[in-house]
1. Would you look at the GNM of the chain, springs on alpha carbons closer than 10 Å, and say which of LEU103, LEU222, LEU16 moves the most?
2. Using amide H atoms built 1.01 Å from N in the peptide plane, name the residues 5+ places from ARG355, or on other chains, whose amide H lies under 5 Å from its own.
3. Taking only protein heavy atoms and a 1.4 Å probe, what accessible area per residue, in Å², does segment 246-285 have with all protein chains in place?
4. Ratio of segment 283-377's C-alpha Rg to 2.2 N^0.38 Å, to two decimals?
5. Where is the GNM fluctuation largest for the chain (alpha-carbon springs, 10 angstrom cutoff): MET183, MET300, MET359?
6. I'd like the trypsin sites (Lys or Arg not before Pro) in segment 227-320 restricted to DSSP loop residues with at most 11 other Cβ atoms within 10 Å, sorted by number.
7. Per-residue ellipticity at 222 nm for the chain, helices alone: DSSP H runs ≥ 4 residues times -39500 (n - 2.57), over residue total, nearest 500 deg cm²/dmol?
8. Scan segment 30-74 for GluC sites (Glu not before Pro) in coil per DSSP, keeping those whose Cβ has at most 16 other Cβ atoms within 10 Å, and list them by number.
Amino acid sequence: KIVTEKELSLTNEYNLEIDGYTGKLVTLGKIFNSQEFEDLYHYNEELGALYSKDKTSFVLWSPTATSVKLALFDAGNGVDAKEIKEMTKGENGIWTLDVNGDLNGSYYTYLVTNNGVEKEVTDPYAKAVGVNGNRAMVIDLDSTNPEGWENDVKPEFVDATDAIIYELHIRDFTIDESSGASMEVKGKYNGVWESGTTLFGNGDIKTGVDHLKELGITHLHLLPTFDHRSIDETRLDEAQFNWGYDPQNYNTPEGSYSSDPYSAEVRVKEFKKMVMELHRAGIRVVMDMVYNHMINTVNMDNIVPGYYFRTDSLGRFTNGSGCGNELATERPMVRKFVVDSCMHWIKNYKIDGIRFDLMELIDINTIRSLKMLIRLK
């Protein structure tokens, strides 16, 4: 136990020295697990880019930061920021900024300063992202609704024991010539629901969604279709493959399955269209969500260093996932992120179920919180 003469700051880094030993730079990361930290910095309201036609409110949770700026761009890649604006620190660790006007389609990042170093980060709450997911985009989600979306009806489902679940990888389902899928939708969201396809060379054997219907399945379990990292969306003319268990942006669809990964709204529209058409075919949709780890800890660690991931007594990332890190869902703002993310997919994309990858690494209170919200919904 170390007693200090002066109150220490959560936003600073300190050099701990003991005579005869090498000094070590330390932060106050252990505080993150305390009730005092939760009381001071827990934020219950909505985070991210909160859009309306008159203004967009940007809200980022970063209690350790000494400065946060908003950078606005005209495109999701390849251009410099057209404007950089200072954000204001508020209560409970949030930073906010209101930007007037209709920002639908504007791309953005945050510039966050921790320990005297400024880093550019992607909004963890991004609802749309540009190519390869490096920049978030402000989006009017209502404008991405396909025709008939408001009349979408979930297929009837009475009892969990009635479920007949078929696991599917978006790309694999239609990429092969034998699928009979149209060339422009092979390996894409639009290929999942294309009807009237038959086995290449044998018109009597149904493929695609027609085959799923004749199988009699009730649920289609999609292998990860949130934005994942390993596929380079700028090189889709080259052969690439990944299962998708490498999360980058949890709240937006993967771009390589869309017809245009450069336009953030396209993947959103096409994912919604896929869900709606599967519902019309009598099939419910389950998403495989990987909240146990991320492909890279850097983005979240640059927002709140040491908060989002579990570490051992030496400060090293724990590795129960086998992927190098674990999300610390027992911490209230990580739990909030997971619950908010699930509810986003349920509310805005009308998905019917979530399969948690390595649920043993997600604390029980997070699962209970989610189940309670779903019941209330």
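1. LEU16
2. MET287, ASP288, MET289
3. Normalised by residue count, the accessible surface of segment 246-285 is 23 Å².
4. On the way: Rg = 13.9 Å, N = 95, 2.2 N^0.38 = 12.4 Å.
That works out to 1.12 for segment 283-377.
5. MET183
6. When the trypsin sites (Lys or Arg not before Pro) of segment 227-320 are filtered for loop state and at most 11 Cβ neighbours within 10 Å, ARG235, ARG316 remain.
7. The helix-only estimate for the chain comes to -6000 deg cm²/dmol at 222 nm.
8. Counting only loop positions with at most 16 other Cβ atoms within 10 Å, the GluC sites (Glu not before Pro) in segment 30-74 are GLU45, GLU46.
The values are calculated or read from the model by the stated rules, or taken from the named source; none is laboratory data. Computed from a prediction, not measured in an experiment: that's the story for all the values here. As a convention, Cβ positions derive from the backbone with ideal geometry for all residues, glycine included, and neighbour counts pool all protein chains shown. The accessibility values were calculated without ligands, DNA or RNA, using every heavy atom of the protein model including side chains. Shrake-Rupley method; radii C 1.70, N 1.55, O 1.52, S 1.80 Å.
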